[in-house]
Amino acid sequence: MALKQVSSNKCFEGFQKVFEHDSAELKCKMKFGIYLPPKAETAKCPVLYWLSGLTCTEQNFITKSGFHQAAAEHGLIVVAPDTSPRGCNIEGEDESWDFGTGAGFYVDATEDPWKTNYRMYSYIKDELPKLINANFPTDPERMSIFGHSMGGHGALILALKNPGKYKSVSAFAPICNPMQCQWGKKALGGYLGSDVSKWEAYDATQLVKSYPDSHLDILIDQGKDDQFLSAGQLLPDNFIAACTEQKIPVVFRLQQGYDHSYFFIATFINDHIKHHAKYLNA
């Protein structure tokens, strides 16, 4: 599968690049950001996948989070894909900011007209890692995942649905219980249909209840002044309660005064990179 380099910038002795490719899963052109640390010039490196939130592209994380120095120090390749298929000419895909373009919700849609292209779950789980491992100096056995908001939801469900695939998982202000919030009801209803039982397969709070073991160390940071926390879109308490019941270790940090923005992410990004490096470099 041909990769086309869109940009390359030297950063902390490594390179932040953006590539474009034709996705078989999403049936459109997709872009992803990839940071290659200096270590990648001489050795195979573990890969950390970042999933962004609503309205984002591959650009938000690579330009705003300030992750590069820590990734360079720990020798991690960091991959930041887009958040949905693009330019599929589906009626209604650009009508709202929380559904369709920029809002793929990391599910495989089963409803028309979305089911042909909106397969972000399989893209992140299968197609993208295969592409990365085939084209870059990775150690395919060592990968982890993290994300923000809708992407935090994506990271949690990918880790919970695929025990052992990821060495570690973390999230910033994740949508923890989409079946119970407005964003989730709109997205899951639109992509998966009205049968609520089908939604459970993409809800972290539901998935953790049947997670087979406790070998998953979860780190979550949440801003206390996050407007979407107070609006009931994120519902971390439901997820923590389910984790506690299952005896799955989760470190949940409520950060005083922080909101939902990349200023919040940038503040705690080094802690998250360190969390993943502990498992990826073990």
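Condition check: in a strand (DSSP E or B) and of a type outside the set (Phe, Trp, Tyr). Does PRO140 satisfy that? Yes: the conditions hold for PRO140.
Residue count for segment 45-94 under the criterion of being surrounded by fewer than 24 Cβ atoms within 10 Å (Cβ to Cβ), assigned to a helix (DSSP H, G or I) and not small (Gly, Ala, Ser): the result is 8.
With the condition kept exactly as written, say whether any residue in segment 7-17 is on the phi < 0 side of the Ramachandran plot, under 18 Å from the mean Cα position of the chain (by Cα) and modelled with pLDDT of 95 or more. Within segment 7-17, none of the residues are on the phi < 0 side of the Ramachandran plot, under 18 Å from the mean Cα position of the chain (by Cα) and modelled with pLDDT of 95 or more.
Would you kindly identify the helices (runs of 4 or more DSSP H) lying entirely within segment 164-282 that contain at least 1 residues that are over 30 Å from ALA72 (Cβ atoms) and under 16 Å from the mean Cα position of the chain (by Cα)?
On the way: elements: 182-192, 196-199, 204-207, 227-230, 236-246, 262-280.
Those helices (runs of 4 or more DSSP H) span 182-192, 204-207.
Just wondering, is there one or more residues in segment 109-118 that are outside any helix (DSSP H, G or I) and either at pLDDT below 95 or within 30 Å of CYS45 (Cβ to Cβ) (or both)? Explain how you work it out, then say what you get.
From segment 109-118, those outside any helix (DSSP H, G or I) are 109-118; that's our starting set.
Of the ones still in play, those that are also either at pLDDT below 95 or within 30 Å of CYS45 (Cβ to Cβ) (or both) are none.
Taking every residue of segment 109-118 in turn, none turns out to be outside any helix (DSSP H, G or I) and either at pLDDT below 95 or within 30 Å of CYS45 (Cβ to Cβ) (or both).
Can you say whether SER122 is over 19 Å from GLY33 (Cβ atoms), touching a residue at least 60 places away in the same chain (Cβ under 8 Å), surrounded by fewer than 22 Cβ atoms within 10 Å (Cβ to Cβ) and within 13 Å of the chain's Cα centre (by Cα), as far as the supplied structure shows? Step through it out loud before you land on a result.
Values: over 19 Å from GLY33 (Cβ atoms): yes; touching a residue at least 60 places away in the same chain (Cβ under 8 Å): yes; surrounded by fewer than 22 Cβ atoms within 10 Å (Cβ to Cβ): yes; within 13 Å of the chain's Cα centre (by Cα): yes.
So SER122 passes the test.
Taking segment 135-150 as the range and being within 13 Å of LEU48 (Cβ to Cβ) and open to solvent by less than 10 Å² (accessible area, probe 1.4 Å) as the test, the residues that pass are THR138, SER144, ILE145, PHE146, GLY147.
The values are calculated or read from the model by the stated rules, or taken from the named source; none is laboratory data. All values derive from a computational prediction rather than experimental measurement. Reconstructed Cβ throughout: ideal geometry from the backbone, glycine too, with neighbour counts over all protein chains shown. Surface areas here come from the heavy atoms of the whole protein model, side chains and all, with no ligands, DNA or RNA. Shrake-Rupley method; radii C 1.70, N 1.55, O 1.52, S 1.80 Å.
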